[in-house]
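These notes concern the structure reproduced below.
The values are calculated or read from the model by the stated rules, or taken from the named source; none is laboratory data. Keep in mind that what you see is a predicted model, and the values were worked out from it rather than measured. Here the Cβ is made from the backbone with ideal geometry for all residues, glycine too, and neighbour counts use every protein chain on show.
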């Protein structure tokens, strides 16, 4: 099946599942432990119903939004995803170019095998950057200076990964960081020759052994050594004093990613941040954590309009996006949806994925009786099944 025939993100996911080795697919699709958080992220959307209004003139609809000084064509962008190059050749570059074509932001992870400067040169639209940092202030200052010099407009610091999570799915599939060459991994590659040739072999021929290029470690050792070192570094996780320090170093919009509690959002206001990413890491960290959808109303009530709220984790449909925006989010980030697109069809596959979501948002706005994103509010939703209100 060609990606062009896919009618939705789920069909792109099925194409990606068939093309990727089991361990590689499991890494991007799986969650932690029993996958409760991952599955719950999807299930909560089914517990929210729309309350459409009619008759309403929706002939002139707009899904454009303004965020951090830019106007985007849609209320969603691409979330940061580490080691994206394992899934498709030059995946970060392809996703960034697709996002630029669609006039939405792409967020580069500092756990990427592509240098941040390359993304800036080849797809310089709305440069957003995500980082795993420790409390090492000297290293953080150097990283911030490098990002600023490369023209990045926004920095988000992921704070919900103080240690690596228990991703049993990866262990069962023989996919670990650092990567170990096992008979199972070799068999997976042999039974998926397209991935072995177009991704693995092509990467080695064009770039050599993959390395994390955005971690400011001087000699930049191989991705295997850096993955191991990165997991150790996360034991020295960030705290609010470090975030205060980084706020002084970084003058552009600064966000923390991984917020699920209103008290943390209130602290973000006091520290002077511009926003938070309401996220449970796609269900890949603490299994059993609440979903961003459940956290959004409380967080919005706690901070009012003092912070921009960006949500991620579990979004697959335009209706999912509208539900989160109606509950208080300002913007949505999608990770797996874009990754399925790049695996299925490279840059064009990502454009297709984003176009599908954009079309769904447009249709659903019309059916909802809401002509613009700015007009969305909780009155368009029935949430008693979600929040147990009587």
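Residue-by-condition table, conditions (1) in contact with a helix residue (DSSP H, G or I) (Cβ under 7 Å, 6 or more places away or on another chain); (2) closer than 26 Å to residue 204 by Cα; (3) part of a helix (DSSP H, G or I):
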position	(1), (2), (3)
31	yes, no, no
41	yes, no, yes
45	yes, no, yes
52	yes, no, no
94	yes, yes, yes
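If we scan the stretch 235-250, do we find a residue that is surrounded by fewer than 19 Cβ atoms within 10 Å (Cβ to Cβ), assigned to a loop (DSSP other than H, G, I, E, B) and modelled with pLDDT under 70? Taking every residue of the stretch 235-250 in turn, at least one turns out to be surrounded by fewer than 19 Cβ atoms within 10 Å (Cβ to Cβ), assigned to a loop (DSSP other than H, G, I, E, B) and modelled with pLDDT under 70. Restricted to the stretch 281-390, the set of helices (runs of 4 or more DSSP H) holding at least 1 residues that are under 25 Å from residue 154 (Cα atoms) and without any contact (Cβ under 8 Å) to a residue 60 or more places away in the chain comprises 292-303, 318-326. Among residues of the stretch 116-127 that are touching a residue at least 12 places away in the same chain (Cβ under 8 Å) and on the phi > 0 side of the Ramachandran plot, those with a Cβ under 9 angstrom from a residue that is surrounded by fewer than 22 Cβ atoms within 10 Å (Cβ to Cβ) and part of a helix (DSSP H, G or I), sequence gap 6+ or separate chain, pair up as 126/100. Among the residues making up the stretch 111-125, a single one is surrounded by fewer than 24 Cβ atoms within 10 Å (Cβ to Cβ) and under 15 Å from the mean Cα position of the chain (by Cα): 111. Filtered by the rule that a residue be outside any loop (DSSP other than H, G, I, E, B) and either more than 20 Å from residue 132 (Cα to Cα) or touching a residue at least 40 places away in the same chain (Cβ under 8 Å) (or both), the stretch 258-280 gives 258, 259, 262, 263, 265, 266, 269, 270, 275, 277, 278. For the stretch 67-83, state whether one or more residues are at pLDDT 95 or above, assigned to a strand (DSSP E or B), under 15 Å from residue 347 (Cβ atoms) and under 13 Å from the mean Cα position of the chain (by Cα). Taking every residue of the stretch 67-83 in turn, at least one turns out to be at pLDDT 95 or above, assigned to a strand (DSSP E or B), under 15 Å from residue 347 (Cβ atoms) and under 13 Å from the mean Cα position of the chain (by Cα).
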